[in-house]
Amino acid sequence: KHVEQAYLPLGIDGAISKAMKKMDNLFALLTSKGIAMSVAVYPWPSQLYYNDEDSLQVKVWSGWCEGKCNHFINMFPDFFEVKRARKDWYEYLFLNGDVHFNEQGHRLVSERLAKVYGDHAK
């Protein structure tokens, strides 16, 4: 199914509930295998554009992670710091006309992960 078909008809609360159930299933699987779980969140270009720094996405997943996740990694501050420093933040971080990171966007993510995981990220 396309994302729109699977989540849009549920509304925001229903979509969040469905996503959390899927994450619950993933957490149960990883736990059964002795694998620690970490979750990272980062803003999409539209969230940066509309200054959605206090995002529902951060609130939902940080709350879900409590008592479950090895790490909750909020990358919103990292991306908003770039946005505040650079007028060309979109071109600097993302592929042209896309929501995916370019080399610099990936570098920003990898630097944050290295801070969280230290030598283990190498």
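No value in this document is a laboratory result; all are computed from the given coordinates. Not measured: the values here are computed from a predicted model. Every residue, glycine as well, gets a Cβ built from its backbone with ideal geometry; the counts of neighbours run over all protein chains shown.
Couple of notes before you dig in:
- Three principal axis extents describe the C-alpha atoms of the chain; from largest down they are 44, 42, 25 Å.
- Against the rule of thumb 2.2 N^0.38 Å, how large the Cα Rg of region 25-71 comes out: 1.40
- Among the listed pairs Lys21/Lys83; Lys59/Lys115; Lys59/Lys83; Lys18/Lys83; Lys18/Lys115; Lys68/Lys115, a Cα-Cα separation exceeding 28 Å is found for Lys21/Lys83; Lys18/Lys83; Lys18/Lys115.
- Summarising the label geometry, the points placed 7 Å from Cα in the beta-carbon direction at Ala114 and Leu30 lie 2.3 nm from one another.
- Taken about its Cα centre, the chain carries a charge dipole of roughly 340 debye when the Cβ of each Lys and Arg holds +1 and the Cβ of each Asp and Glu holds -1.
- Rough spin-label spacing in nm, given labels placed 7 Å along Cα→Cβ, for Ser62 and Ala15: 2.2
- Computed helical MRE - 222 nm, the chain, DSSP H runs ≥ 4 contributing -39500 (n - 2.57), nearest 500: -17500 deg cm²/dmol
- Sparse-neighbourhood loop sites, trypsin sites (Lys or Arg not before Pro) in region 35-108 - DSSP loop, at most 13 other Cβ within 10 angstrom: Arg86, Lys87
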